[in-house]
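The values are calculated or read from the model by the stated rules, or taken from the named source; none is laboratory data. This is a predicted model, so every value here is computed, not measured. All Cβ positions, even for glycine, are placed from backbone atoms using ideal geometry, and neighbour counts span all protein chains on display. Protein only, heavy atoms only, side chains kept; ligands, DNA and RNA dropped before computing areas. Shrake-Rupley method; radii C 1.70, N 1.55, O 1.52, S 1.80 Å.
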Amino acid sequence: MSHTSRLNRPQVFGSKLSRRDFVLTSSLATASLISGSLNAAPPNSFKGTLCFFSKHLPDMEPHRLAESVKGIGFTGIDLTVRKRGHVLPERAAEDLPKAVEAILRAGLEVPMITTELLSASDPTARAI
């Protein structure tokens, strides 16, 4: 790490915060504020599933991810099923049902997934 990059890191309670951690913390704080205002919304307001895009917490296993985003008011997860996603496409047949089950056990929904599929002829398409 260069000298200048250490100087540009924001300080939080005396510790250095990486850019990734800063963005994550800021995003979760914003989502928490938004979910609080959604919970206080009038009766005729949005009643759908408020999904968190799992790309933003790439290193969390599905159950921990679900518990974390449920705590700030989300009711569902848009799960990444792609390279560097929560479920790798080539492992979808085995890992996707397990990930969805872990999220459902935490009380959230998985109404959508995000993939890199461009064609039904992709070898991973059927499993996904």
inquiry  = For the condition in contact with an Asp or Glu (Cβ under 9 Å, 6 or more places away or on another chain), over 20 Å from ARG20 (Cβ atoms) and of a type outside the set (Asp, Glu), what is the one hit in VAL110, VAL100?
reply    = VAL110
Residue satisfying all of: in segment 48-59; in a loop (DSSP other than H, G, I, E, B) and in contact (Cβ under 8 Å) with a residue 12 or more places away in the chain; farthest from the chain's Cα centre (by Cα) among these = THR49
ask   = Hey, among the residues in segment 51-76 that are over 17 Å from ALA29 (Cα atoms) and open to solvent by less than 60 Å² (accessible area, probe 1.4 Å), which one's modelled with the lowest pLDDT?
value = PRO58
